[in-house]
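*Asks:* I have a structure here, written as structure tokens, and I will follow up with some questions on it.
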Number of protein chains: 2
Amino acid sequence: MQTVSSEKIAEPTTNDGPYLLIGEVSARTGLTQRTIRYYEELGLLPPPTRTHGDFRLFSPRDVTRLGQVARMKKLLGFSLAEIREIVEGEEVREQLRSEYRATEDASVRLDKLEQALTLTRSQLELVDRKLAQIVELKMELESRIARYMRLKQETPNTVATEDSEDGPIRQAKRGARNEG
Amino acid sequence: MQTVSSEKIAEPTTNDGPYLLIGEVSARTGLTQRTIRYYEELGLLPPPTRTHGDFRLFSPRDVTRLGQVARMKKLLGFSLAEIREIVEGEEVREQLRSEYRATEDASVRLDKLEQALTLTRSQLELVDRKLAQIVELKMELESRIARYMRLKQETPNTVATEDSEDGPIRQAKRGARNEG
DNA sequence: CTTAACCTTGACGTGAACGTGAAGGTTAGA
DNA sequence: TCTAACCTTCACGTTCACGTCAAGGTTAAG
């Protein structure tokens, strides 16, 4: 479809990889073309390479990155500005990677690895903080549930499981919908 | 201070609690007055009682609720519309609670408890889903860290075994006219 | 060469979630 | 009673995160 095959391009920049046009990237990531361009505009994505006609060519790495950004936004609820900060770290990480690959010097490589580790760990820490807060919320709900269960057991048992479905509780009944 | 003491109110709805004016609520929750009114407008908060001069009087429960809403938004990244759905469940829960307390009938009480349980469980499920997704993200970061650690250990004696599918990344070749 | 299906950059529109006055009423204290 | 500090309801403004044309260039195929 919109992958860029080697010889078809008049004189592209790089045509030996599975580079994608924006339409295909959009289809694969679920993001709209507008959104993708917007993310690039905000610096959430490194400027992709272009064909000589200025069509954007997205590397697999770019696509992965877009997925990361989308998830950050959806899962962590971060603003795009916050995500950019995180992702700028990612930039550095790739920079480190290329520096790593550019040398044979083991000590330099170790240094780069160490820096990449530090970076990734700080990203992880960010996620962990969110996680902890959500776990807290989860525990509150669980203790509430436990309280209900306790009350249920303490309530003297009668034989009736009859349905008295009148009154304003109909909403609650409706609220208990089926699960998938 | 903006707490409302009992006798000062001309003829409010309920004046035996530590009811607060919006300014104080704002100070305690960190939300602006505008935001609080907006949340009420959206139905995220039950309409608070009023003084005879129409000043809003927030119950401690209202304040708690505002805190919950704020956390939902911040932590889960939900839209206010989504939060309203969750919080409507909370409304029902309180309704159930008052109905529970209004009866001595054990079977009715069990029924109410059952409904409250169902409701809270569905809320918990929502939180759990988010949690699971974030854990996934966390694990990715951790595996990345693990990879770095592995590389670190392998580095002293080996050279360039690891190879991903990305080629050398060149920058855009023909200048886009609008680029800085 | 022609054409359809892509793509490009503007540029204006939109909904959500508030911010920011404006104009005026309420409350507590002197 | 008077006033400062609150509060009220409009109502328009703003930022974010895109949506949606519009006008025109590029690419692949016939």
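What follows is calculated from the coordinates using simple rules that are stated; it is not laboratory data. Just so you know, these numbers come straight off a predicted model, no measurement behind them. Please note: Cβ atoms are built from the backbone with ideal geometry, for glycine as well, and neighbour counts cover all protein chains shown.
*Asks:* 5 Å is the cut-off here: which amide hydrogens, built 1.01 Å from N in the peptide plane, fall below it relative to B:Arg50, excluding neighbours closer than 5 in sequence?
*Replies:* Long-range HN contacts for B:Arg50: B:Thr13, B:Leu57.
*Asks:* Place the label 7 angstrom along Cα→C-beta at A:Asp105 and in each other copy, then list the distances from the first to the rest in nm, shortest first.
*Replies:* With the label placed 7 Å along Cα→Cβ, A:Asp105 yields 8.4 nm.
*Asks:* To continue, here is another question. Return the sequence-ordered ³J(HN,Hα) values of segment A:137-153 in whole Hz as given by the Karplus equation 6.51 cos²θ - 1.76 cosθ + 1.60 applied to θ = phi - 60°, using x for Gly and Pro.
*Replies:* Values per residue, Gly and Pro as x: 4, 4, 5, 4, 4, 5, 5, 4, 4, 4, 5, 4, 5, 4, 4, 4, 6 Hz.
*Asks:* Something else: Can you give the average number of partner chain beta-carbon atoms within 10 Å of each beta-carbon in peptide B:131-140, as a whole number?
*Replies:* On the way: counts 7, 0, 4, 9, 4, 2, 10, 6, 2, 4.
For this peptide, the per-residue mean of nearby foreign Cβ atoms is 5.
*Asks:* Another question about this same structure. In peptide B:116-128, what is the residue-averaged number of other protein chain Cβ atoms found within 10 Å of each Cβ?
*Replies:* Values: counts 7, 8, 6, 6, 7, 7, 4, 5, 8, 2, 1, 8, 4.
Counting Cβ atoms of other protein chains within 10 Å of each residue's Cβ and averaging gives 6.
*Asks:* Roughly how crowded by other chains is peptide B:85-95, in terms of the mean Cβ count from those chains within 10 Å of each of its Cβ atoms?
*Replies:* On the way: counts 1, 0, 0, 2, 4, 0, 2, 8, 4, 0, 5.
For peptide B:85-95, the averaged partner shielding equals 2.
*Asks:* Measuring from a point 7 Å out along Cα→Cβ, what nm distances, shortest first, does A:Ala81 have to its partners in the other copies?
*Replies:* Copy-to-copy label distances at A:Ala81, shortest first: 2.5 nm.
*Asks:* Given that compact globular proteins tend to follow 2.2 N^0.38 Å, what is the ratio of the alpha-carbon Rg of segment B:39-101 to that value?
*Replies:* Details: Rg = 12.7 Å, N = 63, 2.2 N^0.38 = 10.6 Å.
Working it through for segment B:39-101, the quotient is 1.19.
*Asks:* Tell me which residues come under 5 Å, amide H to amide H, from A:Thr155 once H is placed; ignore anything under 5 positions away on its chain.
*Replies:* none
*Asks:* In nm, one decimal, shortest first: how far is the label point of B:Glu125 (7 Å from Cα along Cα to beta carbon) from the matching points in the other copies?
*Replies:* Values, ascending and in nm: 3.8.
*Asks:* What does the net charge come to around A:Thr120 if you take all other residues with beta carbon closer than 14 Å to its beta carbon, with K and R at +1 and D and E at -1?
*Replies:* Values: positive: A:Arg93, A:Arg97, A:Lys112, A:Arg121, B:Lys138, B:Arg144, B:Arg147, B:Arg150, B:Lys152; negative: A:Glu88, A:Glu90, A:Glu91, A:Glu94, A:Glu114, A:Glu125, A:Asp128, B:Glu140, B:Glu142.
Taking every Cβ under 14 Å from that of A:Thr120, the sum is 0.
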